[in-house]
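Below you'll find the structure, written out as structure tokens, and then a few comments.
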Amino acid sequence: MKKLLATLALALIAPVMLAPAAMAQTQTAQQSKMTTCNKDAAGKKGDERKAFMKDCLSNKPAAPAAPVTQQDKMKSCNKDATGKKGDDRKAFMKECLKKDK
């Protein structure tokens, strides 16, 4: 009987003790944002801090810029080279394609 009670007590207590540790390891995006905004709000107080935090937490993350492909460069350079011919066009295209756009 004592073994049964000890096992039952352990079965009831273990999940309660382990749950907070598992939850602490995973931080949601909102919690991560809150941490960052709190660091950035250092030194601000009162209404200024409230306004800053509201703005900071409501900002959407910027979308990553799409990389410029060689094909995109070629299209752009061809468009810019309109009217050029021969060696002049070749030289222009060579320089244009080297540049980072």
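Every number here is computed from the coordinates shown, using simple stated rules; none is lab data. Treat the numbers as computed from the prediction; the structure is a model and nothing was measured. Note that each Cβ is placed from the backbone with ideal geometry, even for glycine, and that neighbours are counted across all protein chains shown.
Straight distance only, please: which lysines reach the Cα of K84 with their own Cα at less than 19 Å, same-chain residues fewer than 8 apart left out?
By straight Cα distance, K84 reaches K73, K75, K94, K98, K99.
I'd like the Karplus ³J(HN,Hα) series for region 88-94: coefficients 6.51, -1.76, 1.60, θ = phi - 60°, whole numbers in Hz, and an x wherever there's a Gly or Pro.
With coefficients 6.51, -1.76 and 1.60, one gets 4, 5, 4, 5, 4, 5, 4 Hz.
As an exercise, use a Förster radius of 22 Å and the Cβ-Cβ distance of R49 and T26 to find the FRET efficiency, rounded to the nearest 0.05.
Working: r = 28 Å, r/R0 = 1.25.
Once rounded, the FRET efficiency stands at 0.20.
Return the sequence-ordered ³J(HN,Hα) values of region 40-56 in whole Hz as given by the Karplus equation 6.51 cos²θ - 1.76 cosθ + 1.60 applied to θ = phi - 60°, using x for Gly and Pro.
5, 8, 4, x, 8, 9, x, 5, 4, 5, 4, 5, 4, 5, 4, 5, 5
Could you give the nm distance between label points at K85 and T36, where each point is 7 Å from its Cα heading toward the beta carbon?
Roughly 5.4 nm, to one decimal.
Need the list of lysines near K39 for cross-linking: C-alpha distance under 17 angstrom, and skip anything on the same chain fewer than eight residues off.
By straight Cα distance, K39 reaches K50, K54.
Show which aspartates and glutamates lie in cross-link reach of K45 when reach means a straight Cα distance below 18 angstrom and same-chain residues fewer than eight apart are skipped.
Result set, ordered by chain and number: D55.
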